[in-house]
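The numbers here are math on the coordinates, done by the rules we state, and not lab data. Just so it is clear, the structure is predicted and the values come from calculations on it, not from any experiment. Glycine also receives a Cβ, built like all others from the backbone with ideal geometry; neighbour counts cover every protein chain displayed.
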Amino acid sequence: MLEAIDLTKRYEDGHLALDALNLRIEPGEIFFLLGANGAGKSTTLNLFLDFIRPTSGWALVNGVEVRSNPAETRRHIAYVSENVMLYGDFTARENLDFFTRLTGKRLDRRDYYQAMRRVGLPEESFERKLKTFSKGMRQKVEIAALLLKDADNMVMDEPTSGLDPRSTAELMQLLHHLRLEGKSILICTHDLFRARSLADRVGIMKDGRLVMVRSRDEFLRDDLDLSGLYAGGGLMRNIWIFAWKEFRLNIRSARFAIGLLLCLVIVPFTMMVGIGDYQIQKEVCEAEARQAEEEISSCLVWSKVHPKLVREPEPLSLLSRGITNNIGYTVLITLWEIPFLPFQFNWAQNSPFMKVFPPLDFSAVLSIMISLLALVFSYDTVTREREEGTLRFIFSSSVSRYSFLLGKWLGVVLTVLPILLACFLLALGFVVLEGGVRFSGSEWVGIGWMLLASFVYLAFFGSFGIWVSSLTARSVTSIVLCMLSWLTFLFVIPALSSYASRSMVALPSYKQVENKKVELFWSMRSEYDKRWRELRDSLGLQSLRYLFDVEDGEGTKDIRGGSRLVLEHTRRMAVVDANIRIDHAERLWKLDEEYLCTLSAQRKWQDILNLLSPSATYIRLMARLGNTDADALLSYMSDARNYREQFIRYLTDRDLFYSPSYVTPCREDEFLPQEEWEAFERQAEKLQKNDPPAFERIMKDAEQQYADANYSPVDVRDIPQFSLRELSGWQRAQRGARSLILLFILFIALLASAIYIFRRYDLR
């Protein structure tokens, strides 16, 4: 039974579409509602179907108020639209199966065939796609869906539209049988002939009011002139039904094939480039490590021992390079400098953290491709259904708007997820086969977190597309808004955040820092020269000079030859020199630390502003999971600085600064007593004056003698060893937790917002 009690609808523009309609359609009654366009017929149907909400009054289905219990009332009402609302890429049977499952029923193929036979659909068309059907044939499929729902009440909007005379007669016969089954049937039509032949009662509407109701006999007897009137289920079940329908339609579409093809082309190319770079970097690091080991094991004096830390590239940099393209890999441990950044860093960029565009790596490809595909499959999730006319038909069933949108979202995710998995499998396959990389357990866990992060990123853009689609009425509007937003997220916001962060935190050029370092160097050199002269004078060595003094540009000494007093002077000066250089390094570090703090503040502001961009957040998240982000570099350099302090303590605790082995590989007895040395100097001066060639020969011979001497290297076997800390899977998760949670919250908020908006969506 259908009943309207003072049912009124006034739209936002003030138009009164329905004015206090009172109507009751009993079981087993066919009621024809006639009237011109705009008279209120469609509004009446929409109110019974809960497509729109009444301004006042009540619409009841089997005594249940529609507005209060929409899901319950839709179980008992079926709908046929004038504009056929079915899926062209589905067959007739697949359409029936989809809409029948929305009602909570599971029928077999024979039931669908029987329903189609009942409405007069040719059997050869049962398994054909609907886009090959005529309008009349599609109308029959829609009526078959109505029959399969087997609702107590039926509302039809111009059901004979598009039907040929024979099909129309078959429909009238079918309606007659349905009336005998006790169905309440409301038909909105312009077909006066069918109204006269079939209706139990006829209602005339004009300007939103029911101006006349007549029985069929009265209608026929009075021969009325009507020319003036024509002037002017379960939630989870439904979610899966919608998702499965969406998935099947999407994978059959050209955009799925194109998207998959693009990923299968771009990902291998990206991985081949990345693997090539990684292998070169790894080879360079291995060569650097071998060279560093050879150099330190061949040192003849402790002043020459400078451990070199070589950080091999992270295996997961193959998936997310982070900032590894902008930095070097070696850190030299010295007394005169506290490590700031690895060697080979290009300061021309001024900041390693301010790059606007990420490197074209796997994570960057995913950030572009997956987000774009998610939008391509979601931008028209609502608008397409509206434009095709299926939206009204869907919600004529017992379907909630929650299940519709959630099913749409799940369908989008299920569509893009295979492409995402294919990208990951393809990338990992290239890494294992071409790159020869074996991931540790922690790194496999990191890859798992990367996959989860990519899924959440996909879910966000799927939600975003649905959100936009819920705000718009046309697909063209939706895709324009989606593409503009996509460009903003990927490129505009990162560029603006970079510019804004530099504006908020002024960062001087590193050239200014280097100029201050030069000033400090000359101050240190002045202090060194002063202490050197003071020690020389205290030992009575005013005429001190070295025969074989090797300077390597780093201020370290390797003396061979001279007096024992010279050795004593050099040994004592080594202690003074070490203290001066350590103090100088601290002063240099204050400059670097100040610069680093400013740089970090700038980077933090950029990270905060990038929160407005899910794409920038995702790329940062992937770098954090791969341990290739700025924080990983800063942590590594902090460990390098701690190692330097450990190495200095090692030298101090063993009194190596005071040891002769710090400045010379020679035994003490190889140095002459002071008297003999002074006599040798006088002789040398005389020879230099009288026979310069002979003097040069003697000096070269002496130099060669010391060069050929078989001195033993210092024992460096027990010096502190530097080991790079490997992140556990849990630590990787902790590093990416905040960004992952943020993406998840954004995705949930968008999806909830889309659902809220769609609750008020106009289904007309």
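Local charge sum around Met272 (other residues, Cβ-Cβ under 14 Å, Lys/Arg +1, Asp/Glu -1)?
Here the count lands on -3.
Hey, if you put +1 on the Cβ of every Lys and Arg and -1 on every Asp and Glu Cβ in the chain, which of Val376, Phe680, Leu656 ends up farthest toward the positive end of that dipole?
Val376
Setting aside same-chain residues fewer than 8 positions from Lys590, which lysines have a Cα under 23 Å from its Cα?
Lys308, Lys511, Lys516, Lys517, Lys604
Taking the number of other C-beta atoms within 10 Å as the exposure measure, put Ile241, Ile333 in order starting with the fewest.
By the 10 Å Cβ count, ascending, the order reads Ile333, Ile241.
Give me the net charge for the shell around Phe647: Cβ to Cβ below 14 angstrom, other residues only, Lys and Arg +1, Asp and Glu -1.
Cβ neighbours under 14 Å give a net charge of +2.
Among Gly40, Val213, Ser134, pick out the residue whose Cα is farthest towards the positive end of the charge dipole of region 2-233, where Lys and Arg carry +1 and Asp and Glu carry -1 on C-beta, about the Cα centre.
Ser134
How would you rank 264-274, 7-17, highest first, on the average number of other Cβ atoms within 10 Å across their residues?
Sorting 264-274, 7-17 by mean packing, highest first, produces 264-274, 7-17.
Let me know the shape class of region 579-698, please: from the alpha-carbon gyration tensor, a ≥ b ≥ c as square roots of the eigenvalues, rounded when a/c is under 1.5, otherwise prolate if a/b is greater than b/c, or oblate.
Prolate shape, in that a/c is at least 1.5 and a/b is the bigger ratio.
Compute, for the chain, the length of the dipole vector about the Cα centre, with Cβ point charges of +1 (Lys, Arg) and -1 (Asp, Glu) only. Units Debye, rounded to 20.
Using only the charged Cβ atoms, the result is roughly 3300 debye.
Under 22 Å Cα-Cα from Lys686, which lysines qualify once same-chain neighbours fewer than 8 residues away are excluded?
Output for Lys686: Lys700.
Candidates [x] 1.54; [y] 1.37; [z] 0.95; which is the computed Cα Rg over 2.2 N^0.38 Å?
Only one listed value fits the structure, namely [x].
Taking the beta-carbon count within 10 Å as an exposure proxy, list Val476, Val566 from fewest neighbours to most.
So the residues, fewest neighbours to most, are Val476, Val566.
Looking at the square roots a ≥ b ≥ c of the eigenvalues of the Cα gyration tensor of region 2-233, which shape do they give, rounded for a/c under 1.5, prolate if a/b is larger than b/c, or oblate?
On the way: a/c = 1.80, a/b = 1.41, b/c = 1.28.
Judged from the Cα gyration tensor, region 2-233 comes out prolate (a/c at least 1.5, a/b above b/c).
Starting from the amide H of Glu82, placed 1.01 Å from N in the peptide plane, find each other amide H under 5 Å away whose residue is 5 or more places distant or on another chain.
When sequence neighbours closer than 5 places are left aside, the close amide H contacts are Asp157.
For Ala169, what charge total do you get from the other residues with a beta carbon under 15 Å from its beta carbon, if Lys and Arg give +1 and Asp and Glu give -1?
+2
Among Phe98, Asn83, Leu180, whose Cα projects farthest towards the positive end of the dipole of region 2-233, with charges put on the beta-carbon of Lys, Arg (+1) and Asp, Glu (-1)?
Of the candidates, Phe98 comes out farthest on the positive side.
Straight-line reach from Lys245: which lysines fall under 24 Å, measuring Cα to Cα and dropping same-chain residues less than 8 apart?
Hits, sequence-local ones excluded: Lys105, Lys129, Lys131, Lys135, Lys140, Lys149, Lys408.
Report, in deg cm²/dmol and to the nearest 500, the calculated mean residue ellipticity at 222 nm for the chain, where each DSSP H run with n ≥ 4 adds -39500 (n - 2.57) and the sum is divided by the residue count.
Working: 24 runs with 434 residues, N = 764.
It comes out at -19000 deg cm²/dmol, rounded to the nearest 500.
Which of rounded, prolate or oblate describes region 104-172 when judged by the alpha-carbon gyration tensor and an a/c cut-off of 1.5?
oblate
Just for the chain, what percent of DSSP beta bridges are antiparallel, to the closest 5?
Bridges in the chain are about 55 percent antiparallel.
By how many nm would the segment from Trp532 to Ala601 grow when fully extended, if each residue of separation counts as 0.36 nm and the alpha-carbon distance is taken off?
Full-extension gain reported as 20.6 nm.
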